[in-house]
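Please treat every number below as a calculation from the coordinates, not as lab data. As the structure is a computational prediction, the values presented were derived from the model and not from experiment. Methodologically, a virtual Cβ is constructed for each residue, glycine included, from the backbone with ideal geometry; neighbour enumeration extends over all protein chains shown.
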Amino acid sequence: MKLAVCVKEVLDSRLPLQVVAQTGEVAHLGSERVALINPSDRAALEVSLILRDQNPGSRVEVFSACAAGEEDALYFAVARGADSVERLVQNGHLAGPPYTALLLANRFANEKFDLICCGDETLDNSSAMVGPLIAELLDYPQVTGVTKVRECSRGKLLAERSLDRGHRELVEMELPGVATFKIEAAEPRYVSVRRLEQARRREIAVRQLDIEPSKSRLPGWPGSEKKVPPRARVKKKFTPDANLPPAERVKMIMAGGMAPQQSSQSSAILEGDPDYLSEQLFRFLRHHEFV
Amino acid sequence: MEQITRQIEWNVTLWMQVFLYVGAFAGVLIAGWRLSKRYRVWKLGRSPNVQVSIPRSLANVLAWILNRGKMPRDGFASLMHFLILWGFIILFIGTTLVFLEQQTPLHFFYGTFYLVASAVIDLGGVAFLLGLSMAVYRRYLQKKERLKASAWVGALLALMIAIGVTGFLLEGFRISVTMPGFEKVSFVGYGLALMLRAGGLATAELTRLHRADWLLHAALSIAFFGLATVYFFRHIIVSVLSVALRPIRARGALRPYELSPQASPSGSVFDMTWKDLLDADACTACGRCTSVCPATTTGKALDPRAVVLKLSDLVGRHASRRNGATPSAFDTITERELWDCTTCGACVYECPVDIEVFDKIIDLRRQLVDIGKISTAARGCLEGLERRQNPWDYPPAQRATWSETLNLPAIAAGKKPEWVYWIGCAGAFEPSAQSISRAMVDILRQAKVDFVVLGSEERCTGDPARRMGDEGLFQRFRNKNLETFRRHGVHKIVTHCPHCFNTFKNEYRNGGEPEFEVIHHSQLLSHLISEGKIRLTRSAADKQVTFHDPCYLGRHNGEFAAPRKVVDSLPGMKRVEMTRSREKSFCCGGGGGQMWLESSGQQRVENVRLTEARQTGASLVATACPFCKVMLETASVTAGRQDQVKIKDISELVSETMER
Ligand code: SF4
Ligand code: SF4
């Protein structure tokens, strides 16, 4: 199986950030620049590496459409055990998620991969469009927001997506296809500084692609199509009544304050051994559709 | 006058002699062959960065034999081991003398020498048997928990006892036949002879019995030689090597990670150093490490002896196999075990044969980290360290926030103050440790000490990174901090954190000369008090105080006196010691990264320690480490007892009682 992973380097959002007025760019306040691999890309990478190890003879190739000096995510992929990494650059200066997708799709048009894995969205742009766009451009099937891979073999991917209220959806997709992953899709492994520094010594392959955006049908970015947020309705801010039992409060919060007050039956104090308690708790949650 | 000597090999025929010599030769050969197989496996380990020097090795062994420094820590065991070892050595020398007398032209075994030697050899035999009976008593009657009564141990003990008993009988038979008066000096043999005579045995019978016993004694001794390199007998030889090759390095310094950057670790035992493998074979299985380990004694998965023995077992498995796959330490040693260690160093301190127990644990942890299979908590902590330069994952910009209102003297170009006061991550971010930093600033100002702080130029020293197994991260911290120190010309540092202190003192010199001087605040405080720079006059509310020794101040760096001196200067307060204090102090549970990791097992280390502190009756626990303070405070809060016993750093106590 051949697996492609698309990754991007982002700034560590847990450090204070600022927008530089002149350039409009986001940078770290004061301290040095701390970049990391986008968390959901990291999950996508981890999923592919696990799939590779489960299917002997597989390869994981990692791609990033980025400028020189922004290869941190690629170095991370090397350190984590990717078979090859490649940085994609284009001839023009077109930036933004649609062009990233175009560039990547161009690359994958030349060489067939069974599964193309992306993070579902990045920390910075949060457009969540690169993965789906790649699929559209290549005319591949896609599944977005995967939280768990059940199985991936014999030309099929069986994956879970999570929906509202704890519901899950099981999706089957024919390969080749594109999947985007949420952070919780895999518990990523630690990459020690020793390995990272060893990876940094590696030369990263660069591939230049000529793309003609005029021929493709791409959505604009940013702002050519204005997103009009729905007008906020005036609503009293909801706070659950502090006198209610905890279970009641949780339920009200989950339902956005809309849950009708139920009779006294809705809360109970249970006692017993852990097995019994967890069983009862699960029933309760199930009954009220928390899970 | 009869000649005072005896006929060597009396009553021994030629074939008996042949049996003895051939057998003994074969026994030694078997033992040597077994050892050489293990030696070949040791050699497969990586070479540690230590030079082997013969004079130093000899000095190590000599010092070890002479001071027996560690044995008296357990009186009974010490005496037992002393009797067995020296009894054995005397008997061995005695046998060698007999051999020399007979097989070489030397002739010395007569007259006074004969008398003295005979008496001493009998004494040795008595010591040997006495020691062995003590061992039997301990294992089978007292049933010491830490000693596992395995069948092997029982068999080997029985073998040694049999050798001792048949040896004495041999002497008894011989004397009972010849009965020379001067043999009274061989008091045991003579006594036995008298008894045999009294038993009414005829001379012919005694001669026959002597012969049978001689054969038995010879056979048992041959077996002993043959078995000298199995199981815990192996330590007789290997422990001498492990002591001889003991590396010179400060107790508190972890050794560097010596895996080459290209290698990918697999937990292979050959990623350990040959010294580690040799060490593992030197283990006497005495269990002293385990009996003091805070992880084992609170019911966690880690058992340091088991780790060492499992390594030894892997060496053995590889030795008995031609070209099998390389054994991996992770086949038998679980991740959980490796992550339970607090690096308190109690095991190394206790080990009678100087095995670096927890260094092996940390080395395996390093491999786990390199493989990337670590817990979410550990990953979070290490990634936070890398990006935010402190293990608590606070934004680095907030490092100086605690001191905003204090108007601290910051380091600046051209300024050459005497001291740099290093706050450390705990002192900067952790609320209950910030009060230590405040107290220290208060004291330094009161004593008019010329000091500056580095403010937001501080970053973690790398201690947690190193002890959690990311050596590369530690080195990055070390390089950056050294660079800061050089840039500002820092030459004297005082810190209230024993972990920072230890790392600066022992791990920042990298084999060379230290670039700066570092002292712990307990040392500075005790100096300021004795110089009269600060005077403690206001008496505190508490009357009794007990002092908890931080591992990285005490056991790892040998500083027990300074903090005690500070505590003793507190007016109106009496110091009481806990059952385990000073070198034997019990960890607070916070070292080795445990501060940020999940705790497993039945009990928490800090709770055990707090209970011990409360048993002294003191209403105040003084310590000299922010980690110990936080851990013990947590214990006191979770036990719902924060009103009953207070936990304070010595600097806080000084600041409270100091005359202003
Ligand atoms: S260093 Fe302490 S916690 Fe670790 S194995 Fe040794 S005694 Fe146990
Ligand atoms: S490592 Fe040392 S203290 Fe522990 S069992 Fe072995 S010899 Fe005894």
Requested in this report: Calculate the spin-label point distance for B:Ala119 paired with B:Val136, positioning each point 7 Å from the Cα along the beta-carbon direction, and give it in nanometres.
Outcome: 2.9 nm
Report summary line: Scoring the stretch B:109-209 by relative contact order with C-alpha pairs under 8 Å, at least six apart, yields a percentage of 30 percent
Query - Rounded tilt (10° steps) of B:357-371 against the dominant C-alpha axis of chain B - result: 60 degrees
Requested in this report: Filter the GluC sites (Glu not before Pro) in the stretch A:93-152 to those in DSSP coil with at most 13 other Cβ atoms within 10 Å of their Cβ, and list the result.
Outcome: A:Glu111
Report task. With a 4.7 Å Cβ cut-off, tell me which Cys residues in chain B come up empty for a partner. Result -> B:Cys283, B:Cys286, B:Cys293, B:Cys341, B:Cys351, B:Cys381, B:Cys425, B:Cys460
Requested in this report: Using Cα pairs closer than 8 Å and at least 6 residues apart in sequence, work out the relative contact order for chain A, in percent.
Outcome: 19 percent
Query raised in the report: With axes computed from alpha carbons, what is the tilt in degrees of helix B:75-103 against the longest principal axis of chain B, rounded to the nearest 10 within 0 to 90?
Result: 40 degrees
Query raised in the report: Along the charge dipole of the stretch B:274-372, which of B:Phe330, B:Ile355, B:Cys341 sits closest to the positive end, that is, farthest toward it, with unit charges on the beta carbon of Lys, Arg, Asp and Glu (+1, +1, -1, -1)?
Result: B:Phe330
Requested in this report: Calculate one ³J(HN,Hα) per residue across the stretch B:459-475 by plugging θ = phi - 60° into the Karplus curve 6.51 cos²θ - 1.76 cosθ + 1.60, and present them in order as whole Hz with x for glycine and proline.
Outcome: 9, 3, 6, x, 4, x, 4, 5, 6, 8, x, 9, 5, x, 5, 4, 5
Report summary line: Rounded to one decimal in nm, the spacing of the 7 Å Cα→Cβ label points at A:Asp164 and B:Lys143 is 6.5 nm
Query raised in the report: Which ordering of B:His491, B:His318 is given by a fewest-first count of other beta-carbon atoms within 10 Å?
Result: B:His491, B:His318
Report task. Subtracting the Cα-Cα distance from 0.36 nm times the residue separation, let me have the gained length for B:Lys415 to B:Asp393 in nm, one decimal. Result -> 4.8 nm
Report summary line: Summing +1 per Lys or Arg and -1 per Asp or Glu among the other residues with Cβ less than 13 Å from B:Gln544's Cβ gives +2
**Report entry** Stokes-Einstein D for the protein assembly as shown, Kirkwood Rh over Cα pairs, 37 °C, 0.692 mPa s (µm²/s)
**Finding:** 97 µm²/s
Report task. Mind pulling the angle between the C-alpha long axis of helix B:203-227 and the longest principal axis of chain B? Nearest 10 degrees, somewhere in 0 to 90. Result -> 30 degrees
Query raised in the report: What is the fewest-to-most order of B:Arg478, B:Arg251 by other Cβ atoms lying within 10 Å of their Cβ?
Result: B:Arg251, B:Arg478
Query - Computed E for B:Thr405/B:Ser539 - FRET, C-beta separation, R0 30 angstrom, nearest 0.05 - result: 0.55
Report task. Please report B:Met272, A:Met252 as a ranked list, fewest other C-beta atoms within 10 angstrom at the top and most at the bottom. Result -> A:Met252, B:Met272
Report task. Within the set of other residues whose C-beta is less than 15 Å from the C-beta of A:Ser278, count the net charge using Lys and Arg as +1 and Asp and Glu as -1. Result -> -2
Requested in this report: Evaluate the relative contact order of the stretch A:42-176 (contact order divided by residue number), counting alpha-carbon pairs under 8 angstrom at least 6 apart; express in whole percent.
Outcome: 17 percent
Requested in this report: Go ahead and run the numbers for FRET between A:Glu184 and B:Asp331, Cβ-Cβ distance against an R0 of 45 Å, rounding to 0.05.
Outcome: 0.90
Requested in this report: With a point put 7 Å past each Cα toward its Cβ, work out how far B:Ala204 is from A:Arg33 in nm, to one decimal.
Outcome: 10.6 nm
Query raised in the report: Between their Cα atoms, which of B:Lys37/B:Lys584; B:Lys360/B:Lys505; B:Lys480/B:Lys584; B:Lys300/B:Lys646; A:Lys148/B:Lys480 are more than 30 Å away from each other?
Result: B:Lys37/B:Lys584; B:Lys480/B:Lys584; A:Lys148/B:Lys480
